[in-house]
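Remarks on the structure that follows.
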Amino acid sequence: MAGREKMEAPEHEVIPIVDSDSEKDVVEAIMQRHLEERRKEIYTTTSRVRSCRYIDKVPENLKGMYPKASEPEIVSIGPYHRGNDKLLQCEDYKWYYLDSLVNRSVRKEVGLPKYVDAMKKLEMDTRNCYRESIPMSSTDFVQMMVLDGCFVIEVLRRICPSEDAVIHRNDPFLSKPWLITILFRDLLKLENQLPFFVLQNLFELSKVVSRVDGDPLPLLALKFFHIAFPRPHGVLKKLDKIVSAQHLLDLFHQSFVSLTEQRPCRYYPTSDQSIQCLTQLRSSGIKFQSEKADSFLAIDFQKGILRNGILKIPPITINEFAVTAFLNCIAFEQSNRPFEFTHFTAYVAFMSRLIISARDVAFLCGDNIMTNFYQNDQYIVDVFQKLGENVVFDVKQCYLSKQFEEVEAYYGSHYAFLMRKYFGNPWLPIKILLAFILLTFAGLQTMFGMLSYINPQH
């Protein structure tokens, strides 16, 4: 009993009960304000998605593989890499190009204030195009839009001159060819983009001569990338239907996807591997053929006359620009999911299954399907394997689902099995031929022996 008396009662915090109307009103007001803030945030996010697909950053799993293919090397365009010490050298070139562009525009009574005013009106729309909030003042952000946008416009005009462009022989930037090669890659990178409507607005303001036959901005940009990634003659003329894009990377992406036939098919693979590597497919009787096409994405599979299969793949050159294009187009497709046109992702996934060894690359080069700029077959294997392992890919619904299905069906056929078993060994046909010759000689010898026995010589 004494012990119990010494025990002190536990202390409890007293929580007041809301029982007055005024306190209820406070709670309701707080919750109502929170709901309104959430609705406003959802509305803002929805309007941003409708107005422009996000300009996102490259996912870490892709960036870690090839940092050089995802981050700008010499010039920063847009806010993501602005102020990077490694890219400050190119800032002088931007001011040089801006001065040249403004001086020409004065003839049309369009001075620097009009460029600034035009970009100021587009500031909020431009900010909303980036996935992340941009911690820049309005002054700095507008200056970036004008400076970076005019730099891109001047680069396009000087490298792909048209009638309303002025050619400068003493250009401090273009006089260094090695910089131009890197510039092709930098202007394609996802993290190095300005919204296309910013470029279009500056492009229209900076026109010195208003000719109806001048190249529009989309065609001018495609001509620019055509230098680094050549395509069959006449392809650019077929791309007039591309009248709008989110940015330069989206324009480049559309120019290939729009020329690739979509063959919808509900494909259900029988295994995780889906299709076998090139060496195994060759031993099964599939021939690989280089096929000219408007887009390197246009892979096709056809049945041959002798029941064998023919996989037609447009030729492609694998170099630093191609790797940059693959990585950034895949990042663009992955960052805007759900996205209907994931063609680059599907292409890389398809090729990563075909190419698993240096021998597979050697076969593709021998068939004039692939040109290896690196002169290292294993490097090409690593590129496709690393990219293929780090993409979100639905083989059942991609644009190549029909080809996946047809190749797998052929590989599982009795004809392909017989080809692998009896003709997969390159020495087997020679052995069969020698056996046939030996049997023929043995038969002839037997026949002559019988004839000599029936009709003996006298």
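A compact table of results
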{"item": "Qualifying strands (runs of 3 or more DSSP E) (wholly inside the range 297-389; at least 1 residues being open to solvent by less than 40 Å² (accessible area, probe 1.4 Å), over 19 Å from L188 (Cβ atoms) and touching a residue at least 12 places away in the same chain (Cβ under 8 Å))", "result": "300-303, 309-313, 370-372"}
{"item": "Selected residue (criterion: surrounded by the most Cβ atoms within 10 Å (Cβ to Cβ)) from residues of the range 209-247 that are β-branched (V, I, T) and modelled with pLDDT of 85 or more", "result": "V235"}
{"item": "Hits in the range 75-117 (condition: assigned to a loop (DSSP other than H, G, I, E, B) and either touching a strand residue (DSSP E or B) at 6+ places or on another chain (Cβ under 7 Å) or not aliphatic (A, V, I, L, M) (or both))", "result": "S76, G78, P79, Y80, H81, R82, G83, N84, E109, G111"}
{"item": "Any hit, the range 279-296, residues being modelled with pLDDT under 80, part of a loop (DSSP other than H, G, I, E, B) and open to solvent by 60 Å² or more (accessible area, probe 1.4 Å)", "result": "no"}
{"item": "Residue that is most open to solvent (accessible area, probe 1.4 Å) [pool: residues in the range 66-113 that are closer than 30 Å to G388 by Cα and of a type in the set (V, I, T)]", "result": "I74"}
{"item": "Where a residue in the range 169-182 is in contact (Cβ under 8 Å) with a residue 24 or more places away in the chain and surrounded by 12 or more Cβ atoms within 10 Å (Cβ to Cβ) and its partner, wherever it lies, is among the hydrophobic types (A, V, I, L, M, F, W, C) and not in a helix (DSSP H, G or I), with Cβ under 8 Å and at least six apart", "result": "L179/I74; L179/F173; I182/I74"}
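The values are calculated or read from the model by the stated rules, or taken from the named source; none is laboratory data. The structure displayed is predicted, hence computed values, not measured ones. Methodologically, a virtual Cβ is constructed for each residue, glycine included, from the backbone with ideal geometry; neighbour enumeration extends over all protein chains shown. In case anyone asks, the SASA skips ligands and DNA or RNA and just uses the protein heavy atoms, side chains included. Shrake-Rupley method; radii C 1.70, N 1.55, O 1.52, S 1.80 Å.
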